[in-house]
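Since the structure comes first, as structure tokens, the remarks are kept for the end.
No value in this document is a laboratory result; all are computed from the given coordinates. Values in this document were obtained by computation on a predicted structure and should not be read as measured data. Cβ atoms come from the backbone with ideal geometry, glycine included; neighbour counts cover every protein chain shown.
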Amino acid sequence: MSISIKSYYPNEELALRIRHRKAVYFSRFCALVTWLGVALLAVLFYQIAVDGYMWLDFQFLSSFPSRFPYKAGIKSALVGTLWLITMLTFIAIPLGVSTALYLEEFSKDGRIHRLISLNISNLAGVPSIVYGIIGLAVFVRGLELERSLVSGALTMSLLILPVIIIASREAIKSVPDGIRNAAYALGATPWQTAWSHILPASFPGILTGVILSLSRAIGETAPLIMIGALTYVAFLPEGPMDSFTTLPIQIYNWISRPQEEFHQLAAAAIIVLLTVLLTMNAGAIYIRHKTEQRLK
Amino acid sequence: MKIAMTLNKSNGKNTRSTWLEKLIVGTLAGCTLISVITTVVIILMLGKESAVFFTQIPFLDFILGTRWVPLLEPTSYGVLPLVWGTLLITFGASLIAIPIGLCSAIYLSEYASSRMRSIVKPILELLAGIPTVVYGYFALTFVTPLLKTIFPSIQVFNALSGAIVVGIMILPMIATLSDNALSAVPRSLREGAYALGATSFEVTTKVVVPAALSGVMSSFLLAISRAIGETMAVTLAAGATPNMSLTFLESIQTMTAFIVQISLGDTPAGGIAYQTLFAVASLLFLITLVLNIISQWLMNRYREVYDE
Amino acid sequence: MTSESKTTPIANYHGSESVLELRDVSICYSGNPAVQNVSLNIFKYNVTSIIGPSGCGKSTLLRSLNRMNDFIADVTIEGSIKFDGVELTGKEIDPVLLRRRVGMVFQKPNPFPKSIYKNIAWGPGINGYEGSMDDLVEHSLVQAALWDEVKDRLQDSALSLSGGQQQRLCIARALAMAPDVLLMDEPCSALDPISTSRIEDLIFALKSKYTIVIVTHNMQQAARISDYTAFMESGKLVEFDITNQIFTNPTEKRTEEYVTGRFG
């Protein structure tokens with residue numbers, strides 16, 4: 001059997017020109033669309049900056065919310081957010097890292113192990129508002145912790161735990177086996193190996209995950225609204241049982257008012273919130289970048 | 001000096017360290033249990049209150065009813081308008097985010113220089129970290145006024161604005177996850193295609209994207225699930241009017257927006273309004289859970305093909 | 001001895017026509033030379049193998065023959081590579097058109113995750129083939145000695161084939177484009193001995209219709225299947241001659257040391 005193949009490609013030159021043109025247009029289109037996405041981000045930032053910058057001053061940062069826009073500020077929201085981060089650091093981070101360490105270093109690879117892993121990745125996908133409802137039912141009402149910082153911190157802990165666990169597991173997984181074997185060969189117990197070798201080696205990765213999860217918690221609004229974090233708080237919480245407000249809730253409150261001035265106040269508060277978040281996220285991305293370079 | 005070593009486990013010092021070791025590992029295992037307990041509690045709480053709800057409202061009336069008036073007499077608990085609102089937002093958001101996100105992913109993995117990539121990817125990741133309440137602000141103060149100049153009849157709260165901002169919100173997620181999937185397609189496959197006289201367009205659309213399809217689909221599903229569960233942006237942008245309107249120009253209410261609306265009023269525990277919260281949340285939980293499980297299944301299948 | 005004096009006599013000796021002519025070809029990755037001043041001819045309907053220790057630049061040289069190096073950032077090529085008398089390194093040459101006439105088979109089998117049939121039909125399809133696709137698929141698979149094994153399951157995934165079958169599928173895929181030259185980059189390095197010998201038989205059968213250039217680290221393979229052999233070391237062409245000459249009576253001492261297994 002013999003086929004003369006060349007003759008089966010009619011109009012070859014024209015077809016090729018069209019194909020090349022398609023390839024060029026397609027690559028340009030993809031680049032354009034990507035930059036469109038980036039441009040949207042720029043528009044978003046610009047819009048917020050223009051709306052809010054004139055309200056940003058020391059008075060704004062150091063005043064309580066008020067019915068009068070010119071007197072209003074975010075003092076209680078800032079302090080509430082700070083309280084929340086601190087409490088999350090002490091509740092969620094140890095829990096999350098311990099879980100990751102257990103799953104990666106101590107538990108046997110079996111059915112239960114796989115089931116727990118599956119469970120954690122599903123928890124990561126549960127909408128935040130569902131955590132809010134659980135927080136309301138369990139912490140606020142069930143355990144009678146009221147609408148306090150503790151309730152908020154516990155609810156948020158549940159929300160960010162899966163994120164911390166998944167990130168920490170990735171970090172621990174990337175520690176080369178050589179380190180483990182070396183430590184075991186010197187007679188170290190599993191815990192000694194984990195504590196003095198695995199954890200330090202995976203620290204940057206864990207830190208990145210922790211920062212990203214905390215920044216997610218700082219920006220979350222819905223679960224805290226569910227557990228009823230007050231939207232008008234003219235005092236500072238003094239202990240974990242006090243009621244509180246946070247930056248996103250204050251922002252939500254101001255956005256939902258009809259007056260233009262409050263919208264601008266919201267924009268000013270968003271600038272503060274985004275500054276905090278972007279600093280944290282950029283830090284996390286930087287640490288990851290550094291670690292990647294070191295590993296190369 | 002005598003060097004002797006006992007391998008006997010009952011050696012004094014050894015016993016203490018073994019005991020300590022066991023305690024520590026036990027503690028770690030206890031921490032792991034928290035995530036299991038969380039799941040159990042979520043399912044129990046949602047199940048328990050929903051069960052109470054369904055003793056009063058027939059399940060079929062809830063799931064098939066087309067009127068959602070839970071707070072005013074005469075009450076009606078047909079959840080479809082809320083589901084419709086959620087679908088409308090999700091559909092609109094996907095329509096925006098999936099094509100743009102996929103194109104960005106293709107740009108990042110196939111066309112961008114490594115320098116460009118190292119600039120654009122962190123930007124997308126930062127975009128993914130913006131709180132949803134900020135997107136709500138963007139919807140109300142920027143998108144809706146802009147839409148008003150195009151559609152003068154548009155309501156202050158409308159589905160279109162919500163869909164647009166939710167679309168912008170899930171876009172970076174689709175772009176970064178799809179980029180990961182496309183980048184995992186082995187180089188050798190691209191080279192094989194180029195060696196047959198293919199152009200970059202043909203290699204990308206006919207070899208790379210199909211090869212990464214399950215990974216890409218997984219990222220779409222994850223993003224859709226995120227859009228369904230999204231709360232603050234849609235509450236602020238799309239309003240609180242449950243209806244089954246076909247146009248994007250009217251106010252609607254999503255499942256999540258309803259939950260927020262109820263919780264803003266001081267609902268007493270145990271009332272029917274309180275239980276409605278759980279019934280709607282259960283539905284939300286189930287829908288997102290199914291999507292997430294399919295997404296993970298696709299992702300695992302994808303990893304099996306290319307991880308060696 | 002200059003490279004000219006190495007190539008010209010053989011051409012005269014064999015009286016065969018050159019398909020590819022390389023003159024003083026140097027290739028650099030980000031400024032680091034990978035191939036330096038290589039000059040040789042590839043003769044029509046012959047098998048030419050390029051041997052040498054790993055990292056000697058043989059794959060890099062092969063990939064420059066159908067411009068696959070275009071995809072690696074920061075590669076520079078100097079010198080002249082002529083295909084059918086046309087300079088192929090130039091900007092005005094369309095690499096897509098070139099690759100249709102200079103096909104390639106890679107180190108690891110890389111079938112597309114599609115059906116066996118689609119793997120073969122894909123290349124002709126995108127290039128606007130208007131003949132009978134079924135015939136072309138059959139013809140290509142027959143040529144690659146794979147037809148009998150897969151004729152009843154053409155719609156199965158190519159990934160369901162064994163490694164050796166996958167590699168023959170990749171050869172069939174390249175043959176479907178009816179290339180003038182077939183480049184093979186260590187095509188047997190990932191295969192077991194039985195699959196390897198089947199592919200060697202195949203190469204032997206194919207040279208009546210195709211010009212084949214094969215990179216291999218396996219000297220016995222080069223000796224068995226090729227008409228000409230080029231020996232490279234650290235980016236330089238040490239010796240190029242008819243295979244028999246290289247293996248029995250090499251001019252250069254380094255070649256002799258290499259082919260007798262004293263280093264490499």
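Quick notes on this one:
- Ranked by the mean number of other Cβ atoms within 10 Å of their residues, highest first, the peptides C:245-254, C:45-54 fall in the order C:45-54, C:245-254.
- Computed per residue of chain A from DSSP H runs no shorter than four, each worth -39500 (n - 2.57), the mean residue ellipticity at 222 nm is -23000 deg cm²/dmol.
- The dipole here belongs to the stretch A:107-204: it is taken about the Cα centre, uses +1 on the Cβ of Lys and Arg and -1 on the Cβ of Asp and Glu, and is about 200 debye.
- Within 10 Å of each Cβ in B:33-46, the average number of Cβ atoms from other chains: 6
- Antiparallel DSSP beta bridges within the stretch C:3-259, percent to nearest 5: 60 percent
- Candidates B:Thr149, B:Thr27, B:Thr276: whichever shows maximal mean-square fluctuation once chain B is modelled as a Gaussian network with Cα springs under 10 Å: B:Thr27
- ³J(HN,Hα) computed for each position of the stretch B:252-261 - Karplus, 6.51 cos²θ - 1.76 cosθ + 1.60, integer Hz, glycine/proline x: 10, 9, 8, 4, 5, 5, 5, 4, 5, 4
- Partner chain coverage, peptide A:115-127 - average Cβ within 10 angstrom: 6
- With helices as the sole contributors, chain C gives -10500 deg cm²/dmol at 222 nm; each DSSP H run of n ≥ 4 counts as -39500 (n - 2.57), and the sum is divided by every residue.
- With the largest listed first and rounded to whole Å, the semi-axes of the equivalent ellipsoid of chain B from the Cα gyration tensor are 42, 35, 18.
- Most mobile of C:Glu21, C:Glu233, C:Glu78 in a GNM of chain C (Cα contacts under 10 Å): C:Glu78
- A:Leu14, C:Leu159, B:Leu88, A:Leu44 arranged by Cβ crowding within 10 Å, fewest neighbours leading: A:Leu14, C:Leu159, A:Leu44, B:Leu88
- For the stretch B:211-301: Kirkwood Rh in Å [reciprocal of mean 1/r, alpha carbons]: 14.8 Å
- Taking a straight Cα-Cα cut-off under 15 Å and skipping sequence neighbours fewer than 8 places away in the same chain, the aspartates and glutamates within cross-link reach of C:Lys209 are C:Glu17, C:Asp180, C:Asp201, C:Asp227.
- Packing-based exposure ordering (other Cβ within 10 Å, fewest first) of C:Ile77, B:Ile150, A:Ile120: B:Ile150, C:Ile77, A:Ile120
- By the beta-carbon count within 10 Å of each Cβ, the least crowded to most crowded order of B:Val69, B:Val120, C:Val19, fewest first, is B:Val69, B:Val120, C:Val19.
- Alpha carbon centroid spacing (whole Å) that separates the stretch A:140-158 from the stretch C:16-80: 69 Å
- Taking the square roots of 5 times each eigenvalue of the Cα gyration tensor of the stretch C:3-259, largest first, gives ellipsoid semi-axes of 30, 21, 17 Å.
- Structure-based [θ]222 nm, chain B - -39500 (n - 2.57) summed over DSSP H runs of at least 4, per residue, nearest 500: -23000 deg cm²/dmol
- Taking only the Cα atoms of the stretch B:92-200, the ratio Rg/Rh comes out at 1.12, with Rh defined as the Kirkwood radius.
- Residue mean of other protein chain beta carbons inside 10 Å, A:134-140: 5
- Its residue count N sets the reference 2.2 N^0.38 Å, and the alpha-carbon radius of gyration of the stretch A:6-55 equals 2.23 times that reference.
- For the stretch A:186-203 versus the stretch A:220-283, the gap between their alpha-carbon centres in whole angstrom: 41 Å
- Listed values for the stretch B:162-170 are Karplus-derived 3J(HN,Hα) couplings in whole Hz (6.51 cos²θ - 1.76 cosθ + 1.60, θ = phi - 60°), namely x, 4, 4, 5, 5, x, 4, 5, 8, and x replaces Gly and Pro.
- For the residues B:Tyr111, B:Tyr77, B:Tyr135, a GNM of chain B with alpha-carbon springs under 10 Å puts the largest fluctuation on B:Tyr111.
- Ranked by the mean number of other Cβ atoms within 10 Å of their residues, highest first, the peptides C:209-220, B:217-228 come out as B:217-228, C:209-220.
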